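The values are calculated or read from the model by the stated rules, or taken from the named source; none is laboratory data. Nothing here was measured: the structure is a model prediction, and the numbers come from that model. All Cβ positions, glycine included, derive from the backbone under ideal geometry; neighbour counts span all protein chains shown. These accessible areas exclude ligands, DNA and RNA; they are computed on the full protein's heavy atoms, side chains included. Shrake-Rupley method; radii C 1.70, N 1.55, O 1.52, S 1.80 Å.
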Amino acid sequence: MAESVLLGEVQETLLIPLYGRARDAAQRRSVLSDRKAIELVVAIDYDFTKFRGPSLAGSVLRASIFDEYVRDFLREHPDGTVVDLGCGLSTRFDRLDNGRLRWFDLDVADTMTLRRRFFDDSDRYTMITGSLFDTDWHAQVRERPGPIFLLSEAVMLYFPADQVHATLRQIAAAFPASPFAFDTGGPIMMKNQDRNPVFKAVPARMKWICADPATLERHGLRLRQSRTFATPQPSVARTWPARYRHGLKAFGWTPPVTTYKLNLFTTVGQD
Ligand SMILES: C[S@@+](CC[C@H](N)C(=O)[O-])C[C@H]1O[C@@H](n2cnc3c(N)ncnc32)[C@H](O)[C@@H]1O
């Protein structure tokens, strides 16, 4: 029998990138080849077909850019620790596992209850139930020796700026000199939400407007890279179907593309 879902408003949005990855996996030229996403979409009792539009492919392209940030870290630190804050039903651990790293996936209780129906902890993979805005998870992660890569994909966008800024300072202080990847959206992206077909299908709305990720340097971060869908890492662009590469190159300067940024920071731990 299919698994029913009982998820809060923001939590339900995890089903959008899941469906995006499942559709991508069914393509002849798939970017992520996430076969598990297909299994999950089949196993979960939910009308995924209500999700339409470019955000589905966008969630796949976004995941591939974030994957490469993590891969770069693991090339330098193969025994390093990765923490995915607000993991949803992401399969990033399976995609990037090098047989040595240590991985923590964190999400809130209702999402984790769903996740645990499909994923198991192992000696190098641990799921944590908690909120990225709390500090409870810090100690468990900080027990790990060596470098830590923090990542939060399509999560903080849904929360008010003050709450996000305070949490960035908290995380920067707790994990100094750590890479931290997350996305930001400018005013145009936020204003156009009601016109985005995926947001017509769910009640959640994004709240945090960040026009320039460099302004976050005042919250204990240093900006290292800021990419849009038009400026992926060259190694990532090569994995994208030509229609995305060429289309995004042609329209990459337009506000709908430039407003959404996939950033890599380093925490400096200052307030
Ligand atoms: C759009 S989904 C993104 C999921 C995943 N990062 C991905 O890209 O597939 C938003 C996620 O934020 C999670 N979330 C909501 N509130 C959270 C919180 N306070 N702490 C951590 N995660 C949270 C939701 O449960 C959901 O998994």
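For the range 4-71, list the helices (runs of 4 or more DSSP H) that sit wholly inside it and hold at least 3 residues that are under 16 Å from T91 (Cβ atoms); which are they? Give the steps one after another, and end with the answer.
Numbers: elements: 9-12, 15-25, 35-43.
It comes to 15-25, 35-43.
Filter the range 218-227 down to the residues that are surrounded by 14 or more Cβ atoms within 10 Å (Cβ to Cβ) and either small (G, A, S) or closer than 22 Å to D72 by Cα (or both) and list them by number.
In the first step, residues of the range 218-227 are kept if they are surrounded by 14 or more Cβ atoms within 10 Å (Cβ to Cβ); the result is 219-223, 225-227.
Selection gives G220, L221, R222, L223, Q225, S226, R227.
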Open item on the list: Can you find a residue that is open to solvent by 20 Å² or more (accessible area, probe 1.4 Å), away from the ligand (no atom under 12 Å from the Cβ), in contact (Cβ under 8 Å) with a residue 60 or more places away in the chain and among the basic types (K, R) anywhere in the range 19-30?
Closed with: yes
Open item on the list: Cβ contacts < 7 Å: first residue closer than 21 Å to G130 by Cβ, restricted to the range 69-93; second residue hydroxyl-bearing (S, T, Y) and away from the ligand (no atom under 11 Å from the Cβ), any location; separation 6+ or different chain. Result?
Closed with: F93/Y125
TODO: Residues being open to solvent by 30 Å² or more (accessible area, probe 1.4 Å), more than 19 Å from G185 (Cα to Cα) and among the β-branched types (V, I, T): count how many of those fall in the range 228-247.
DONE: 1
Open item on the list: Here are the criteria: (1) open to solvent by 20 Å² or more (accessible area, probe 1.4 Å); (2) β-branched (V, I, T); (3) in contact with a Pro (Cβ under 8 Å, 6 or more places away or on another chain). Tell me which single one I38 does not satisfy.
Closed with: (3)
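Counting only residues that are modelled with pLDDT under 95, give me the helices (runs of 4 or more DSSP H) lying completely in the range 171-247 with at least 3 of them.
Numbers: elements: 187-191, 197-200, 234-237.
Answer list for the range 171-247: 187-191, 197-200.
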Open item on the list: Against the condition away from the ligand (no atom under 16 Å from the Cβ), surrounded by 22 or more Cβ atoms within 10 Å (Cβ to Cβ) and of a type in the set (F, W, Y), how does F73 come out, does it pass?
Closed with: yes
Task: Residues (part of a loop (DSSP other than H, G, I, E, B) and either free of Cβ contacts under 8 Å to residues at least 40 places away in the same chain or out of contact with any Lys or Arg (no Cβ under 8 Å at 6 or more places or on another chain) (or both)) located in the range 248-271 - done: G252, W253, T254, T259, G269, Q270
TODO: Please state which one of R116, R95 is within 16 Å of the ligand (Cβ to nearest atom) and touching a Leu at 6+ places or on another chain (Cβ under 9 Å).
DONE: R95
TODO: Consider only pairs whose beta carbons are under 6 Å apart and that are at least six residues apart or on different chains; among these, list those whose first residue lies in the range 225-241 and is of a type in the set (K, R) and whose second residue is crowded, with 17+ Cβ neighbours inside 10 Å.
DONE: R227/I65; R227/L262
Task: Subset tally (residues that are surrounded by 16 or more Cβ atoms within 10 Å (Cβ to Cβ) and within 15 Å of the ligand (Cβ to nearest atom)) for the range 139-164 - done: 13
Open item on the list: Filter the range 31-64 down to the residues that are within 15 Å of the ligand (Cβ to nearest atom), more than 25 Å from T184 (Cβ to Cβ) and of a type in the set (S, T, Y) and list them by number.
Closed with: Y46
Task: Subset of the range 103-136 [open to solvent by 60 Å² or more (accessible area, probe 1.4 Å), of a type in the set (D, E) and closer than 22 Å to S4 by Cβ] - done: D120
